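Read through the structure below, which is laid out as structure tokens, and then see the notes.
The values are calculated or read from the model by the stated rules, or taken from the named source; none is laboratory data. None of these values were measured; they are calculated from a predicted model. So basically every Cβ, Gly included, is an ideal-geometry build from the backbone, and we count neighbours across all protein chains shown.
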Amino acid sequence: MSQDIRLAFEHPIARARATERQDQNGPLDRISLRDHVVEVEIGAFQAERGTTQRICFNVVVEVRPVAAPLDDDVDRILSYDKVTEAIAFELAAERLNLLETLAARIADRILLEPQAERVFVRIEKLDRGPGALGVEIVRSADERSAAAVLQSAPRPHLVFLGNEAIASPHLGAWLDQLEARAEPVILCVGPHDGPVPKAQNPLAQRRIDLLAMEQNAWTLAARDKRCVVTATRTELDWAMKHGQICVWAPSKMLLDAPQNPLADLGTRAPLSLALWLGGQMTASDLLLIGAQMPKGAETVLPLRQIAATSAQI
């Protein structure tokens, strides 16, 4: 029992040694990252929003030995950079509430590397109390197929509907045509046409403006049952893989984004936020129905614009 308790608090490399695995060529090699500290915004409590805290990463990866001579060639090994890149990528992808979620995503990303057989990830918050608060997980190559699925999400067709288009009698015909496409579809909308309360506090006003967009999303969903309101990246990925037409409710993804895309909530904001979503989801193109791209606005997506009076898209 004392050995188990000691190992429970040891560095992940000691835990890897204690549960050593082998493949047909013998024991597995290991690479490790120790005490890698990053400042990031993370956490489920309100006190953890709008501020950064220090997070410490310790990672050990068991790797399959290289059969042929290395010839001192970095391209033949699983580089330490792949570990730090996995951490940086997942921290930049989305603001998260749970260390458990972050650890699992980092492990999944590392296991995409062909040489990786098993990974230990320990993450600790250094500023939340007198000691370090953290989690540790272990994932194996047996779960690599699940991780690969995360990387194979389809590229959606992004459609922005103006308010005239939401109310148009052509809506059903447009959805018929969109359903016939091979790509999944994500619909975006701006705020409703009704009066929107004004607040002195900028953060409160952002929330109000986002709620006006989400009210419009639900208005669209109410017009056709094929339109399913989705609020998170997980919901969007699932809906796309199952052939659902998504209507994006933006609040959660925008408020959880590591780099704040809400700096400008002016007249260009709804389309700007739709373009931001297109970048997050690697959209294939953007169709505007009953809306115009503002002059001077730039988009890297192929763009088409049609009037709300047109029955064909």
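Tabulated data for the structure shown
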| read-out | value |
| --- | --- |
| Failed criterion for Phe45 (all others in (1) surrounded by 12 or more Cβ atoms within 10 Å (Cβ to Cβ); (2) modelled with pLDDT of 85 or more; (3) of a type in the set (Phe, Trp, Tyr) hold) | (1) |
| Residues that are surrounded by fewer than 19 Cβ atoms within 10 Å (Cβ to Cβ) and within 19 Å of Leu99 (Cα to Cα), drawn from segment 110-133 | Leu126, Asp127, Arg128, Gly129, Pro130, Gly131, Ala132, Leu133 |
| Complete set of residues in segment 271-298 that are modelled with pLDDT under 85 and crowded, with 17+ Cβ neighbours inside 10 Å | none |
| All positions within segment 108-121 that are more than 21 Å from the chain's Cα centre (by Cα) and either of a type in the set (A, V, I, L, M, F, W, C) or assigned to a strand (DSSP E or B) (or both) | Ala116, Glu117, Arg118, Val119, Phe120 |
| Qualifying positions in segment 89-104 - touching a residue at least 24 places away in the same chain (Cβ under 8 Å) and of a type outside the set (S, T, N, Q) | Leu91, Ala92, Ala93, Glu94, Arg95, Leu96, Leu98, Leu99, Glu100, Leu102, Ala103, Ala104 |
| Residue check, Ser140 modelled with pLDDT under 95 and either surrounded by 12 or more Cβ atoms within 10 Å (Cβ to Cβ) or in contact with a Ser or Thr (Cβ under 9 Å, 6 or more places away or on another chain) (or both) | yes |
| Inter-residue pairs, beta-carbon under 7 Å, first in the same structural domain as Glu39 (by TED's automatic domain parsing) and in segment 118-138, second surrounded by 15 or more Cβ atoms within 10 Å (Cβ to Cβ) and among the aromatic types (Phe, Trp, Tyr), 6+ apart | Ile123/Phe57; Glu136/Phe120; Val138/Phe120 |
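One line per residue, one yes/no per condition, for (1) in a strand (DSSP E or B); (2) at pLDDT 90 or above:
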{"residue": "Ile55", "(1), (2)": "yes, yes"}
{"residue": "Asn58", "(1), (2)": "yes, yes"}
{"residue": "Leu78", "(1), (2)": "no, no"}
{"residue": "Asp81", "(1), (2)": "no, no"}
{"residue": "Thr101", "(1), (2)": "no, yes"}
{"residue": "Ala104", "(1), (2)": "no, yes"}
